[in-house]
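Each reported figure results from applying straightforward, stated rules to the coordinates on display, with no laboratory input. Quick caveat: nothing in here was measured; it's all calculated off a predicted structure. Cβ atoms come from the backbone with ideal geometry, glycine included; neighbour counts cover every protein chain shown.
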Amino acid sequence: MSDTIKVIPCSGMGKVYGLVARESALKVIQELCPQQSSTVCLAYIVTGDQEAKELIEGEKCITLDGCPKMCAAKNAELAGGIVTEKVRVIDSFRKPKGAQAGTATELTDEGWLIVDEIAGEIAEKVKLLSREG
Amino acid sequence: MSKSFAVLPCNGLDKGAGCIAREIALHLIEKSESEMICPVLYRIADARYNKIAQEKPLLVIDGCQTRCASKLASEKGLKVTAKITVTEEAKSRGFELGDALRLGENELKLAERIADELLLEKKAEKSLGSETAAEGETVYPETYDYEVYKKDKFIFRVPKEGFLFNENDSWVYIVGNIARIGVTDYVQQSLSDIMFFTPPVVGNEVEQFGELGEIESGKAVFEVVSPVTGRITAVNEELAVTPELINMNPYEKGWIVEMELTDLESDKELLLEFEGYFTILKRKVDEFHV
Amino acid sequence: MSINMLKIGIVSCSGEDCLGGTISRLATRKMLDEVRSDATVTICLPLFLAGGVEERGFAEQFPTISVDGCSKACAKRATEKYSGQVSAAIDVSDLIGTEVAEAGALSIRNLTDEHKAMVDKVVSEITAKFDEALKVAQRDQVAKGFAMVGSGSSGGCGCGCGPK
């Protein structure tokens, strides 16, 4: 088992929420908690390759899903990850009603603010989980 | 008390929440005819508990988000009737869980309260069941037979029997004098992920083509146009928390309002049956890419 | 079905682990947004993997191109596992170099002109394969007798985000 918490976004291609999920995860693992967190490609862990299995089985994970279909949460669990938090990006869009975050290709300033907010919340969860051991 | 569960708590020995899960289970066993399933024994020798798990409704109690008890239930192919997670229950009650493994007075009270509420819900369900049976509550089919129209990779379903539609993509299912109303697959596909539903007011009178609330996604706001005339008797309260039910299942769990009808014969003249609406749907889908 | 209604699906990885995944994603989006917007349908790989009926159904019926950020070829393998052979498979690391592709994942906040050039290189390759696949599919259609030409609608993304 590794020391890092796995932060796994869905990175869904079709909706802005997938891009927000991806960018939030990148911010956590590259900027906010680079020692305590890492990511794994969702598509790779589902392939069933031995190397992929070793990356995820029994690992504590936080998944970020763009939409209610919850692809990251479902796939990470199926692959044997211990999903301790299932974050739904779309819920952040309910907080200021009518937020216009951009498209699945690029984000507006508002979109980046949402990314920063989600990344901050996940970073707190990562730190908590790291402390729990 | 006549209700009882097969109780499957987690075995979290390294967290207070796990110990509270066990405490809740103990209360249920003591105060009702519920029976305990030991998760550790169940994992290695399930024969002992299979009968209980089949005969009684299964209640899963997880201590934390790791959800070990839920995973065990899933592994064993059990049908879960109810589940709770102690950390979520504590959060919703504004109760701060500590790290201590020995339960203090507050933790014991929390466990007892959760157990009592679980038993009360069971009682309420039972009494509601007998009341509704007496009043003849409208019962809707759990699922329907659908016709499908595909465009690129999008699937548009329209139920074949029992529904009427208007040209504004609302549907109505009528039982006696009561109607259940919602929107069609065309609406939910066009809107994509639905984030908000603003319901109408229960008790309001609405005419055919009047407004029945608004559905909002990141793309647009859609005003639901009533297919019928009547008085609103209920709104689907689940949509306040889970508006995406309209995306997932617009004809079943994603229903929007119920109404008591006042002018059905006249309303029917402007309603479409399956064939008529399906033709309109196909044209709309072909003309506008969703 | 009319020839004008033929669509090509693109299944892209969006590997969060490496630069190749970012380039793959951006190139696929460019196909949908700009280059072949009328005829492209992008398949959301996570949804595809999670059992998305619409995604898998489309890939079974329509020509599909996979775009992978690295040689692990997750998008190609997933498509072949759940829906059938791909019409073309693109490995971004072949186009921009393995070492470059395996560099750390990139936030789109940090895109440089060099990265954009890589995206365009991949887009050229996808476009070539796309047009080939479209030609083959159109020939098949003619051969089967579906030679009516009707009005097509614009392409779109698999997850319902609609045309741009």
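The GluC sites (Glu not before Pro) of region B:54-107 that meet both conditions, a loop assignment by DSSP and at most 12 other Cβ atoms within 10 Å of the site Cβ, are B:Glu96.
With the gyration tensor restricted to C-alpha atoms of region A:3-61, the semi-axes of the equivalent ellipsoid amount to 20, 17, 7 Å, longest first. Working note: Cα atoms of chain A, range along each principal axis, descending, whole Å: 42, 30, 20. When each of C:Lys30, B:Lys151 is scored by the number of other beta-carbon atoms lying within 10 Å, the sequence from fewest to most is B:Lys151, C:Lys30. Taken along the Cα-to-beta-carbon direction at a fixed 7 Å, the label points for B:Phe288 and A:Glu31 span 3.8 nm. Using Cα-only point scatterers and the Debye equation, what is log10 of I(q)/I(0) for region B:146-287 at each q in 0.10, 0.14, 0.17 Å⁻¹, rounded to two decimals? Result of the Debye calculation: -0.29, -0.59, -0.88. When both bridge partners sit in the protein assembly as shown, DSSP labels roughly 50% of those beta bridges antiparallel. Stokes-Einstein diffusion for region B:6-135 at 20 °C, viscosity 1.002 mPa s, with a Kirkwood radius from C-alpha pairs, works out to 141 µm²/s. Under 15 Å from a label point set 7 Å out along the Cα-to-Cβ vector of B:Lys31, the amide N atoms of region B:82-115 belong to B:107-115. Taking one quarter of the surface of the convex hull spanned by the alpha-carbon atoms of region A:83-133 gives a direction-averaged projected area of 4.1 nm². A compact globular protein would have a Cα radius of gyration near 2.2 N^0.38 Å; the ratio found for chain B is 1.25.
Annotation: the residues A:Trp112, B:Trp255, sorted from fewest to most other C-beta atoms within 10 Å of their own C-beta, follow the order A:Trp112, B:Trp255. Across peptide C:32-41, the mean count of Cβ atoms from other chains lying within 10 Å of each residue's own Cβ comes to 1.
Starting from region A:1-73, pick out the trypsin sites (Lys or Arg not before Pro) whose DSSP state is loop and whose Cβ has at most 15 other Cβ atoms within 10 Å. Answer by residue number: there is no such site.
When chain B is treated as a Gaussian network with alpha carbon springs shorter than 10 Å, the biggest mean-square fluctuation among B:Ser170, B:Ser192, B:Ser74 belongs to B:Ser74. Over the C-alpha atoms of region C:8-148, the Rg to Rh ratio, Rh being the Kirkwood estimate, stands at 0.99.
Ranking of B:Ile37, B:Ile174 by neighbouring Cβ atoms within 10 Å, starting from the fewest: B:Ile174, B:Ile37. Mean projected area of the Cα convex hull of the protein assembly as shown, taken over all directions, amounts to 29.2 nm².
A Förster radius of 22 Å, combined with the Cβ-Cβ distance separating B:Val202 from B:Val80, puts the computed FRET efficiency at roughly 0.10.
With no solvent and one point on each alpha carbon, what is the Debye value of log10 I(q)/I(0) for region B:197-267 at q = 0.16, 0.20, 0.21, 0.24 Å⁻¹? So the normalised log intensities work out to -0.54, -0.82, -0.89, -1.09.
With a 10 Å cut-off around each Cβ of A:16-22, the average count of Cβ atoms from other chains is 4.
Both numbers refer to the Cα atoms of region C:1-74; Rg and Dmax are 12.5, 41 Å.
Inter-chain neighbour count for A:66-78: the average number of beta-carbon atoms from partner chains within 10 Å of each residue's beta-carbon is 5.
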